[in-house]
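Bear in mind that the values in this text are calculations on the coordinates, not laboratory data. All values reported here derive from a predicted model rather than from experimental measurement. All Cβ positions, even for glycine, are placed from backbone atoms using ideal geometry, and neighbour counts span all protein chains on display.
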Amino acid sequence: MALDHTAGLNSLGFAKPPSETRVVVAMSGGVDSSVVAAQLAEEGYDVVGVTLQLYDHGAALAKKGACCAGRDIHDARRVAEEMNFPHYVLDYENIFKDAVMDEFAESYLGGATPVPCIRCNERVKFKDLLETAKDLEADCMATGHYIQRKMGANGPELHSAEDSNRDQSYFLFSTTPEQLSYLRFPLGHLPSKEATRALAQKYGLPVADKPDSQDICFVPDGDYAKVIEKLRPGAAEPGNIVHADGRILGTHEGVIHYTIGQRRGLGIGGLSEPLYVVKLDVDTKEVVVGPKDMLATRNIPIKEINWLGDTVFEAVAEREILVKVRSTRPPRPAILRAKPGGFAEVELLSAEEGVSPGQACVFYEEGSTRILGGGWIWRGA
């Protein structure tokens, strides 16, 4: 297990035998976290598996391809039985609704495009669950995320996964230095998902061939609007679909049905030019559409900065870095300008299309795999 391993330390970085090192493994029931738990158990660690019940169990049981559903709790328990370590299920439904689902609904109603998986890591898994791990007197907590923790000159650093196709750094930028000191990511060094599944086969795990989760766990069919209507009945208000030049092209049933950059399903067919959603105006209830070139953005205001660099964030006025504004796109060159009060501005050296408030902007060190933190894109003051 290629962690920050040093002579005299075990594979999790502690100067004591694995049998005297307790590690809580956050188990979703999928193959990744199951392999982490099985590998650590085989190495002789004092493993405690914990699975979170995050949302309505009844609705979850019929859902394939989402984490932490009823079937997944069952699968996590089976792995624990197979590898002979204790496993607990914690009811976090109220915490999850308050910390993640409610903000998801409010963000969409406010015309933003949220990323609830980041908030779940930040506010639930790496906050409440991490505190639970400490209450269980664990030395550390391990997860199945594809990201690396490496020791640097000033302490642990966050680095992209070895396999760029599986890298989850975009979803983990808000990990704080304090959390990083307690967390371990045993899969980050693996070359591919196939290597993870090979380990699952080696350990004889029942989830070895289980499909990866794809969706936001509480949006069973990808219909965000339906979930928001359930959380905020009657909150979606109809309005006009307006061209950027002022023409009214049609009507809509609520801005929650649209995202920045959307082209299909606008309900305004028959036009000669392809049009995209370029703005969601909640105050006027307007969905503004325009040509593709209107989506291009170079200057992005950022709030709620989580900084993982070695120097104080505000101490350097400008930094040349790489940034990601979409999880599926590679990092691109930018200038990061620090602002007072935990704010910043990112200037992209080349324009990016479809940048939306509510999404994350993640910072990367040039010429390195290190993640320097990030923040949340907003409309600006």
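Cβ-Cβ distance of Lys339 and Ala225, R₀ of 41 Å, FRET efficiency by 1/(1 + (r/R0)^6): the value works out to about 0.75.
Lysine pairs in segment 65-212 whose alpha-carbon atoms fall under 18 angstrom of each other, counting only those eight or more residues apart or on distinct chains, come to 6.
Computed over the alpha-carbon atoms, segment 237-290 gives an Rg to Rh ratio of 0.90, Rh here being the Kirkwood radius from the mean inverse distance. When the trypsin sites (Lys or Arg not before Pro) in segment 97-171 are filtered for DSSP coil states and for at most 15 other beta-carbon atoms within 10 Å of their beta-carbon, no site remains. The string of couplings for segment 32-44 from the Karplus curve (6.51, -1.76, 1.60, θ = phi - 60°) is 5, 5, 5, 5, 4, 5, 5, 5, 5, 5, 5, 6, x Hz, one whole number per residue in order, with x for Gly and Pro. Per-residue Karplus couplings for segment 244-254, computed as 6.51 cos²θ - 1.76 cosθ + 1.60 with θ equal to phi - 60°, are listed in order as 4, 8, x, 5, 7, 9, x, 10, 9, 9, x Hz, Gly and Pro entered as x. Helical content alone sets the calculated 222 nm signal of the chain at -5500 deg cm²/dmol, taking -39,500 (n - 2.57) per DSSP H segment of four or more residues and averaging over every residue. Calculated from the structure at hand, Cα extents along the principal axes in Å is found among (1) 70, 50, 34; (2) 65, 45, 42; (3) 108, 41, 35 as (1). Residue-wise HN-Hα couplings along segment 278-285, as the Karplus relation 6.51 cos²θ - 1.76 cosθ + 1.60 with θ = phi - 60° gives them from phi, are 10, 7, 10, 9, 5, 5, 9, 6 Hz; Gly and Pro carry x. Using a Gaussian network model of the chain in which every pair of alpha carbons under 10 angstrom is joined by a spring, one finds that among Lys16, Lys324, Lys292 the greatest mean-square fluctuation is at Lys16. Considering only Gly222, Met294, His243, the residue lying farthest towards the positive end of the dipole of segment 205-303 is Met294, judged by Cα position with unit charges set on Cβ.
Net charge dipole, segment 69-130: roughly 120 debye, given to the nearest 20, about the Cα centre with Cβ charges of +1 for Lys and Arg and -1 for Asp and Glu.
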